[in-house]
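See below for the structure under consideration.
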Amino acid sequence: NWSGSLIVASLTGAFGSSFLYGYNLSVVNAPAAYIKKFYNETWERRYGFSVDEGTLTLLWSITVSIFAIGGLVGAVIVTPIVKFFGRKRTLLLNNLFAVTAALLMSLSLLAGSFEMLILGRIIMGVDAGISLSALPMYLSEISPKEIRGSLGQVTAIFICIGVFTGQVLGLPEIFGQEPRWPYLFGAIIVPSLIQVMILPFLPESPRYLLLEKHNMSKAEKAFQTFLGKDDVSHEVEEVLAESRVQRNTKLVSILQLLRTHAVRWQVITVVVTMGCYQLCGLNAIWYYTNNIFSEAGINHETIPYVTLSTGAVETVAAVFSGLVIERLGRRPLLIGGFGLMVVFFAVLTVSLTLQKTVHWLPYLSIFCILAIIASFCIGPGGIPFVLTGEFFQQSQRPAAFMIAGTVNWLSNFAVGLLFPFIQAGLQTYCFLVFAAICLAGATYLFFVLPETKNKTFHEISQAFAKRNKVSLEMQEMNHYPGERKSSAEQESNFTSSVNNGETKKGIV
């Protein structure tokens, strides 16, 4: 099922999208001291006195967390963009944000303006907000259901590779020196250019072409390209089966989706998984890894190399998850990942609290951090994006990703802004907050989440029908209240609209 075009599309799409998200999570960590020094020198040059410690901490917290505000903006605007331009073109146009941000951040030192760096972080956040919705949408729509989970994990794998790459390039031997830190941000241009060079030669999402553009000819060619076979009648019929439920309807707005009883528990589950994805504490580790290892007693010169191990463990765990997700399923990986994080957060708290009394406990702290990262990447790190693509029908999917993205980025911003204060207030007990969130998420998913492995979108809707307290027939009728036409009229109109889009005879 893994055709060459499918592999190239997933790798290229992820390299210019989720890779940059992961890269920008970790890239600010290594040059933090140099950037703060740059802020102080710029402030002193402008106003004639050094910036006070409180203002400098605030500026740095804004620099770190403002990335999430840009991400929230990107998540909000992605629905009209993917509707008008399609999934593939959205990914391509999104590179304009990445290139603009890279130029602003890399030239900020030369221009003597820390505002350029902060503005670049916002714009880079917009890029990430769009890509983390458009990319999973694109991957879920081009992949066969048998490998939809594995292909969806490409998003998480490249987030991990991006984090690891940011750590490697931040080493003192490469760009982790005072005069070189702007190159860390200039490197963002490379993945963007590679995506722009390759992605135009690959097809648009066949589901988008068929269900939203009503172009049967191009949809068939896209299916043939991605599946690597000539006979795609089964795949086309599977999509048309979905279209019979939602035919002659417009894309659903967020408000309509929230009011639709037939998908109520799908929406709640997406909100819970996306909230736990960010609030489980992993981004706190990425944003402030150096401080955490310093508190664990690691030598300052050794910290960059110890930090490198976290990115390597994350990447290996994400690849492992991608290999086993279609065998084990989404449910055990997601619940098991959160459960293991609870255990290791508890051990980490004990280790950090008692580390000054036992000489080997700092090493246990390092092990716990690596174990937390591995547990996260095995399940919670990528499956929430997969589930968001699987839970909803074609016309609901953009609104669902907007909701998921909004929760994702608001939670991201909250962690980035509040974790330093949580850490200062609770000291070594701060990770118990994240343990409680992971426990709550695992408990909810245990009772609510059905297994979606190897199921069609229609079968997944059936799995939620009882919990939503609607019959399957009523669920289909309620997807788009007030917009459904009679069955005969829909059949006539849809056949006509698809024929106008160069329908191949015999398919319908």
| query | Among residues other than Pro450 whose Cβ falls under 14 Å from its Cβ, what is the net charge (Lys/Arg +1, Asp/Glu -1)? | reply | +3
| task | Please give the FRET efficiency for Ala241 paired with Ile189, using the beta carbon to beta carbon distance and R0 = 30 Å, rounded to the nearest 0.05. | result | 0.10
| request: Using only Cα positions of region 253-479, each an equal point scatterer, no hydration layer, compute I(q)/I(0) via Debye at q = 0.13, 0.17 Å⁻¹ and quote the log10 values to two decimals. | output: -0.77, -1.16
| field | Computed over region 71-144, Cα set: Rg, Dmax in Å | value | 14.0, 51
| Across 20 Å bins from 0, what is the distribution of all Cα-Cα pair distances for the chain, in whole percents? | 23, 54, 21, 2
| Solvent-accessible area per residue for the chain (1.4 angstrom probe, square angstrom) | 39 Å²
| said: I need the peptides 320-327, 396-403 ranked by packing, meaning the mean over residues of other C-beta atoms within 10 angstrom, with the highest value on top. | reply: 396-403, 320-327
| Expressed as a whole percentage, what fraction of the accessible surface of region 253-479 belongs to carbon and sulfur atoms when a 1.4 Å probe is rolled over the protein heavy atoms? | 70 percent
| request: Compute the acute angle (0 to 90°) between the alpha-carbon long axis of helix 303-328 and the principal axis of greatest extent of the alpha-carbon atoms of the chain; round to the nearest 10°. | output: 20 degrees
| remark: So for R0 = 22 Å, FRET eff. of Leu258-Phe84 from the Cβ-Cβ r, to 0.05, ends up at 0.45
| query | Ignoring ligands, DNA and RNA, what percent of the 1.4 Å accessible area of region 1-202 is carbon and sulfur? | reply | 71 percent
| remark: Surpassing 30 Å at the alpha-carbon level, of the pairs Lys88/Lys466; Lys213/Lys466; Lys36/Lys88; Lys83/Lys145; Lys221/Lys455; Lys88/Lys469, are Lys88/Lys466; Lys213/Lys466; Lys36/Lys88; Lys88/Lys469
| note | Note on region 1-202: the mean projected area of its alpha-carbon convex hull, in nm², is 11.7 nm²
| remark: With a ≥ b ≥ c from the Cα gyration tensor eigenvalues, square-rooted, and the rule rounded for a/c under 1.5, otherwise prolate when a/b > b/c and oblate otherwise, region 151-224 is prolate
| said: On C-alpha positions alone, give me the angle between the axis of helix 487-500 and the longest principal axis of the chain, in degrees, nearest 10. | reply: 70 degrees
| field | Cα→Cβ-extended label distance, 7 Å offset, between Thr353 and Ile77, nm | value | 4.7 nm
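The values are calculated or read from the model by the stated rules, or taken from the named source; none is laboratory data. All of these numbers come straight from a predicted model, not from anything done at the bench. Cβ sites come from the backbone with ideal geometry, for glycine too, and all protein chains shown count toward neighbours. Just so you know, the surface numbers come from the protein's heavy atoms only, side chains and all, with ligands and any DNA or RNA stripped out. Shrake-Rupley method; radii C 1.70, N 1.55, O 1.52, S 1.80 Å.
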